[in-house]
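The structure appears right after this line, and notes come after that.
The values are calculated or read from the model by the stated rules, or taken from the named source; none is laboratory data. Fair warning: this is a prediction, and the values are worked out from it, not measured in the lab. Cβ placement follows ideal geometry from the backbone for every residue including glycine, while neighbour counts extend to all protein chains displayed. Surface accessibility is based on the protein's heavy atoms, side chains included, excluding ligands, DNA and RNA. Shrake-Rupley method; radii C 1.70, N 1.55, O 1.52, S 1.80 Å.
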Amino acid sequence: MKITQDFVLFRAPNESHFKLWNLGEKEEETYFVFHSFDNKITHRLYKKDEASLSYDELSKVEFDLNLKPIDQSVKEQSHDEYIERCNYFIEALKNDELDKVIFSRIKYADFNEDFGEKLVHLAHKYPKAMVYLANFNGETWMGASPEKLVQIDNNELTTVALASTKAVSDNRDWTEKEYKEHQLVVDYVYSYLKDFNPNKGETKTISLGEIQHLKTKFSAQLKQEHDPERICNLLHPTPAVCGMPKEKAHQFILENEGYDRSFYTGYFGVISKDYTEVYVNLRCAQVFANKLAAYVGGGLLAESDAEKEWQETEWKSKALLS
């Protein structure tokens, strides 16, 4: 099999096959959505036809994609540039302008285009993540996101609060800062779902590859008629990728982070009348000709240390690029 046209390839958590959607122009009730962090772009991708591929079949697929060259105007931050800008963010937190804010950066790497093998590797490494490769509208993105923004099945809504990060090899207990960071996300999710009378589960530690997070699950029953995209936009962007207060942190990032996140920390996934499964676009990269632009970030509080944040993004990028 050879793939040359616009498509979406994805594997839901714990599934054994990838779905391949070759894309068409006919609007259908079911579609794949890509929504940008800044809320300015929403791509609704409709399938022309669909196939199911095993891992073995996918590893043998040929990809002939017309990848565009990397945008040379977007530079990778040096250590000193990162520290200076990170301290600017932390100063805003110390001055009580924000309660929490996410600061991210781009990391470039050389890349060869054996997409099938890379997707199978991601699928094995992150069995609980939504793994995808998408080629649409002149862009190519891939990733393995562990964070579900929202799932709606038979009018039952489920979502998670996912925040705080440490390495699986790190045997220490979670710190007060990390629990505080997670609680901010829990409080945020509950506040936006309170009209649905949500049920909140226990906070647990989950492992995803080399990384651990704190996770709390929410569920709620919706009325018969609901708009999945409206609910997605209600929760997006979460404090785990933006900050709090939501609107203020969002605007602060757009004005001060120094680059366009595009679809990184936006959301993506399948939306339909009967079933919706949408993820926050984390652990992702944009693919260019011979290059990969990987995105990494971390949550900042007033007590954060810029050098420690740099080190965290360094090992996060290594985990992603491996």
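The table for this structure:
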item: Top-ranked residue of region 168-192 - restricted to ones that are buried (at least 16 other Cβ atoms within 10 Å of the Cβ) and of a type in the set (A, V, I, L, M, F, W, C), ranked as farthest from A319 (Cα to Cα); result: V189
item: Some residue of region 53-60 being open to solvent by 20 Å² or more (accessible area, probe 1.4 Å), free of Cβ contacts under 8 Å to residues at least 40 places away in the same chain, small (G, A, S) and in a loop (DSSP other than H, G, I, E, B); result: no
item: Flag for F7 being open to solvent by less than 40 Å² (accessible area, probe 1.4 Å) and modelled with pLDDT of 95 or more; result: yes
item: Single match in F103, F89 (criterion: closer than 25 Å to F268 by Cα, open to solvent by less than 30 Å² (accessible area, probe 1.4 Å) and either part of a helix (DSSP H, G or I) or touching a residue at least 40 places away in the same chain (Cβ under 8 Å) (or both)); result: F103
item: Residue list for region 12-45, filter: closer than 22 Å to L122 by Cα, assigned to a strand (DSSP E or B) and either at pLDDT below 95 or not basic (K, R) (or both); result: H17, F18, L20, W21, N22, F32, V33, F34
item: Answer from S78, S169 - the residue that is closer than 30 Å to E15 by Cα and of a type in the set (S, T, Y); result: S169
item: From E229, E210, E257, residue being open to solvent by less than 50 Å² (accessible area, probe 1.4 Å), under 23 Å from A294 (Cβ atoms) and of a type in the set (D, E); result: E257
item: Matching residues in region 70-86 - criterion: being in contact with a strand residue (DSSP E or B) (Cβ under 6 Å, 6 or more places away or on another chain) and either over 19 Å from G298 (Cα atoms) or in a loop (DSSP other than H, G, I, E, B) (or both); result: I70, E76, Q77
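Quick grid of which residues meet (1) more than 15 Å from N135 (Cα to Cα); (2) more than 18 Å from the chain's Cα centre (by Cα):
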position: I3; (1), (2): no, yes
position: P13; (1), (2): yes, no
position: K26; (1), (2): yes, yes
position: H35; (1), (2): no, no
position: S52; (1), (2): yes, yes
position: L58; (1), (2): yes, yes
